[in-house]
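Trainee: Quick one: this structure, given as structure tokens, is what I'll be asking you about.
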Amino acid sequence: MIIVGGTATNGIDERLSKLLGARLVKVEHKVFPDGESYVRIPSSLSGEDVVLVQTTQPPQDKNLMELFLMVEALRDIGASRITAVVPYIAYSRQDRRFLDGEAISIKTVLNLLRSLGVSTLVTVEPHHQESLAYFEGEVKVVDPIPSLAREVKKFVKNPFVLGPDRGAMGRAERLARELGCRFSFLEKERDRHTGEIRVRSSNLGSLKGYDVVLVDDIISTGGTMVEASKIAQSLGAESVSAVGVHLLLVNGAYARLKEAGIREIMGVNTVVPSERVSLVDISDQIAVRL
Ligand code: R5P
């Protein structure tokens, strides 16, 4: 097995190479003055079983395009089998048609990866696991919750896990199980035209004395976590922290979360935001799936 480190890896390629004792080949890369990407695999990998590492954190379009270019190049130079480790898969939230005529973006991304020649896709905590069925090959999903829970235990005394929407229920349940505490979830509605969200609680009861740990798959603008935090605080929470697996943190999200009184912000190194947040390295969990 040969690890090929793509153009956006957050160091996961190097750690996988060490953990697995596998040779690491780094992709050569440049961007032309007009913004187009160039990639080159600087090694003969003909007949090799290749593990390509490339996350699709912002800038998503560039990182995705480079992923597609690298897969095709690997095929062209004769790699016998390509496993794509894509720790964060961009475009995963549009996984169904909410309004007529909408593109199902995750379907396009996964179809492209498959048709370009990826045999196995490895990813971390997807938005909806079911949507990975659009990839007509082997899929391996890494669960980051046990690793995150070990870190959460360091800063909470009396945890209560809260998912900010129904989609986060399973995630909240898994984290609560690891922490040995109770969990619940809120209801979120999104206006499909304006994108505006409304989060409300249904019979949650008092959270007095609890260190509430909000958990979601993605923190993007921070709007969802801020609304959930307001509810937790209004119910008497002792503290509120936010665990988002993939911390995109766009448009001033970090400042917004801090202003809302959120104590700790934690995620996984599938995405590395510019702010200083606690990130758990997921490489060892990926390594055991390869
Ligand atoms: C959507 O349902 C996701 O699970 C997240 O809740 C969402 O992406 C968070 O976005 P934001 O931080 O912008 O509210």
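The values are calculated or read from the model by the stated rules, or taken from the named source; none is laboratory data. The structure displayed is predicted, hence computed values, not measured ones. Note that each Cβ is placed from the backbone with ideal geometry, even for glycine, and that neighbours are counted across all protein chains shown. Ligands, DNA and RNA are stripped out before the accessible areas are found, and what is left, the full protein with its side chains, is counted by its heavy atoms. Shrake-Rupley method; radii C 1.70, N 1.55, O 1.52, S 1.80 Å.
Trainee: Keeping all protein chains in position, work out how much accessible area Thr224 exposes to a 1.4 Å probe, and write it in Å² to the nearest 10.
Mentor: Looks like 20 Å² after rounding.
Trainee: Treating the beta-carbon of each Lys and Arg as +1 and of each Asp and Glu as -1, no other charges, what is the dipole magnitude of the chain about its Cα centre, to the nearest 20 debye?
Mentor: Numbers: 36 positive and 37 negative charges, 149 e Å.
Charge dipole, the chain, about its Cα centre: 720 debye, nearest 20.
Trainee: Give me, ordered by chain and number, the residues 5 or more places off Val4 or on other chains with an amide H under 5 Å from its own placed amide H.
Mentor: Val25, Val51, Leu52, Val53
Trainee: How much of the accessible area of the chain, probe 1.4 Å, is carbon plus sulfur, in whole percent? Show your work: numbers first, answer last.
Mentor: Details: 6000 of 13140 Å².
Roughly 46 percent of what the probe reaches on the chain is carbon or sulfur.
Trainee: Which of the trypsin sites (Lys or Arg not before Pro) found in the stretch 96-177 are in a DSSP loop and have at most 12 neighbouring Cβ atoms, other than their own, within 10 Å? Write out the running numbers ahead of the final one.
Mentor: Values: sites: Arg96, Arg97, Lys107, Arg114, Lys140, Arg150, Lys153, Lys154, Lys157, Arg166, Arg171, Arg174, Arg177; in loops: Arg96, Arg97, Lys153, Lys154, Lys157.
Passing sites in the stretch 96-177 are Arg96, Arg97, Lys154, Lys157.
Trainee: Largest first, please: the extent of the C-alpha atoms of the stretch 171-210 along each principal axis, to the nearest Å.
Mentor: 40, 22, 14
Trainee: Still on this structure: In nm, to one decimal, how far is the Glu102 label point from the Ser115 one, both placed 7 Å along Cα→Cβ?
Mentor: 2.3 nm
Trainee: Give the accessible surface of the stretch 208-290 per residue, rounded to a whole number of Å², with probe radius 1.4 Å and ligands, DNA and RNA excluded. Working shown, then result.
Mentor: Values: 3100 Å² over 83 residues.
For the stretch 208-290, the per-residue accessible area is 37 Å².
Trainee: Let me ask something additional. Residue by residue through the stretch 224-236, what is 3J(HN,Hα) from phi via Karplus (6.51 cos²θ - 1.76 cosθ + 1.60, θ = phi - 60°)? Round to whole Hz and write x for glycine and proline.
Mentor: Couplings: 5, 5, 5, 5, 5, 5, 4, 5, 4, 5, 5, 9, x Hz.
Trainee: Please report, in debye to the nearest 20, how large the charge dipole of the stretch 1-116 is about its Cα centre when each Lys and Arg carries +1 at its beta carbon and each Asp and Glu carries -1 there.
Mentor: Computed charge dipole of the stretch 1-116: roughly 320 debye.
Trainee: So what is the relative contact order for the stretch 137-214, in percent, with contacts set as C-alpha pairs under 8 Å and at least six apart? Kindly include the intermediate steps, with their values, before the conclusion.
Mentor: On the way: 104 pairs, mean separation 25.1, N = 78.
Across the stretch 137-214, relative contact order equals 32 percent.
Trainee: Ok, one more. So, taking all protein chains as they sit and a 1.4 Å probe, how much accessible area belongs to Asp100, in Å² rounded to tens?
Mentor: In the full protein context, Asp100 sits at about 150 Å².
Trainee: For the chain, what proportion of DSSP beta bridges, expressed in % and rounded to the nearest 5, is antiparallel? Numbers along the way, then the final one.
Mentor: Details: 9 of 50 bridges.
Around 20 percent of the beta bridges assigned by DSSP in the chain are antiparallel ones.
Trainee: Something else: Looking at the stretch 195-240, which GluC sites (Glu not before Pro) are in a loop (DSSP not H, G, I, E or B) and have at most 13 other Cβ atoms within 10 Å? Intermediate values should be presented prior to the final figure.
Mentor: On the way: sites: Glu196, Glu227, Glu238; in loops: Glu196, Glu238.
Loop-located and lightly packed - Glu196.
Trainee: Let me ask something else. Averaging sequence separations of C-alpha pairs under 8 Å and six or more residues apart, then dividing by the length of the stretch 149-265, give the relative contact order as a whole percent. Could the numbers behind the result be given before it?
Mentor: Numbers: 232 pairs, mean separation 27.5, N = 117.
Reported as a whole number, the value is 23 percent.
Trainee: On a straight-distance basis, which lysines could pair with Lys208 in a cross-link, Cα separation under 30 angstrom, same-chain partners fewer than 8 positions away excluded?
Mentor: Lys153, Lys154, Lys157, Lys188, Lys230, Lys258
Trainee: Positive end of the dipole of the stretch 107-198, charges at C-beta (+1 Lys, Arg; -1 Asp, Glu), about the Cα centre: which of Ala172, Leu121, Ile197 has its Cα farthest in that direction?
Mentor: The one lying farthest along the dipole's positive direction is Ala172.
Trainee: Using 0.36 nm times the number of residues separating His128 and Ala22, minus their current alpha carbon distance, what extension gain do you get?
Mentor: 35.0 nm
Trainee: Could you tell me what fraction of 2.2 N^0.38 Å the Cα radius of gyration of the chain comes to, as a two-decimal ratio? Walk me through the numbers on the way to the answer.
Mentor: On the way: Rg = 19.8 Å, N = 290, 2.2 N^0.38 = 19.0 Å.
Against the compact-globule rule of thumb, the ratio is 1.04.
Trainee: A further question follows. Determine the alpha carbon to alpha carbon distance for each of Lys30/Lys62; Lys26/Lys140; Lys30/Lys107 and list only those over 18 Å. Present the calculation step by step, with values, prior to reporting the outcome.
Mentor: Details: Lys30/Lys62 12 Å; Lys26/Lys140 23 Å; Lys30/Lys107 28 Å.
Result: Lys26/Lys140; Lys30/Lys107 exceed 18 Å.
Trainee: Heads up, I need the accessible area for Met1: 1.4 angstrom probe, whole protein in place, Å², nearest 10.
Mentor: Estimated to the nearest 10 Å², Met1 gives 90 Å².
Trainee: Among bridges DSSP assigns within the stretch 3-128, what percent are antiparallel (round to 5)?
Mentor: The answer is about 20 percent antiparallel.
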